[in-house]
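First the structure, in the form of structure tokens, and then the observations on it.
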Amino acid sequence: VQLQASGGGLVQAGGSLRLSCAVSGSISSINAMAWYHQTPGELRNLVAFITRVGNINYPDRVKGRFTISRDNNWNTVYLQMNSLKPEDTGVYYCAAGPVLGSFDFWGQGTLVTVSS
């Protein structure tokens with residue numbers, strides 16, 4: 001399975017971005033996907049996950065602002081980010097795996113910079 005993240009960029013606080021993660025390879029083996037956020041010197045933190053059966057969840061810090069979605073064929077997973085804040089700045093990684101919490105595959109990351 002290969003993941004290719006895109007859509008990052010520079011945006012002002014309050015603005016929006018949509019990240020995309022293109023999935024290729026053995027897609028049938030994937031049952032959960034997620035987006036993670038990382039800043040320098042920090043661990044990657046989960047910002048959203050979605051499962052093949054439609055379970056979705058977010059941590060409180062992004063709930064109501066971020067929305068994860070996927071196309072019907074599980075070829076692309078999106079992260080719509082609204083009302084962005086400077087603390088949302090960082091590299092966003094998409095991840096995929098056979099079960100929730102077991103993300104064996106990772107994309108290369110896409111940088112999001114939110115200016116104040």
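The values are calculated or read from the model by the stated rules, or taken from the named source; none is laboratory data. Source: prediction; values computed, not measured. Using ideal geometry, Cβ is built from the backbone for each residue, glycine included, and neighbour counts are taken over all protein chains shown. With ligands, DNA and RNA removed, areas are computed over all heavy atoms of the protein, side chains included. Shrake-Rupley method; radii C 1.70, N 1.55, O 1.52, S 1.80 Å.
Side notes on the structure shown:
- Condition check for Ala48: surrounded by 15 or more Cβ atoms within 10 Å (Cβ to Cβ), touching a residue at least 60 places away in the same chain (Cβ under 8 Å) and within 12 Å of the chain's Cα centre (by Cα): no
Every residue, every condition in (1) within 23 Å of Ser26 (Cα to Cα); (2) touching an Asp or Glu at 6+ places or on another chain (Cβ under 7 Å); (3) among the basic types (Lys, Arg), yes or no:
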site: Thr51; (1), (2), (3): yes, no, no
site: Arg61; (1), (2), (3): no, no, yes
site: Ser69; (1), (2), (3): yes, no, no
site: Asp88; (1), (2), (3): no, no, no
site: Tyr93; (1), (2), (3): yes, no, no
site: Phe105; (1), (2), (3): yes, no, no
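- Of the set (1) hydrophobic (A, V, I, L, M, F, W, C); (2) at pLDDT below 95; (3) open to solvent by 40 Å² or more (accessible area, probe 1.4 Å), all apply to Trp74 but (3).
- Only one of the numbered conditions (1) modelled with pLDDT under 95; (2) in contact with a Ser or Thr (Cβ under 6 Å, 6 or more places away or on another chain); (3) not charged (D, E, K, R) is not met by Ala13, and that is (1).
- Across the range 1-45, the number of residues qualifying as under 14 Å from the mean Cα position of the chain (by Cα) and over 25 Å from Ser116 (Cα atoms) comes to 8.
- Of the strands (runs of 3 or more DSSP E) lying entirely inside the range 68-116, those containing at least 1 residues that are over 14 Å from the mean Cα position of the chain (by Cα) are 110-115.
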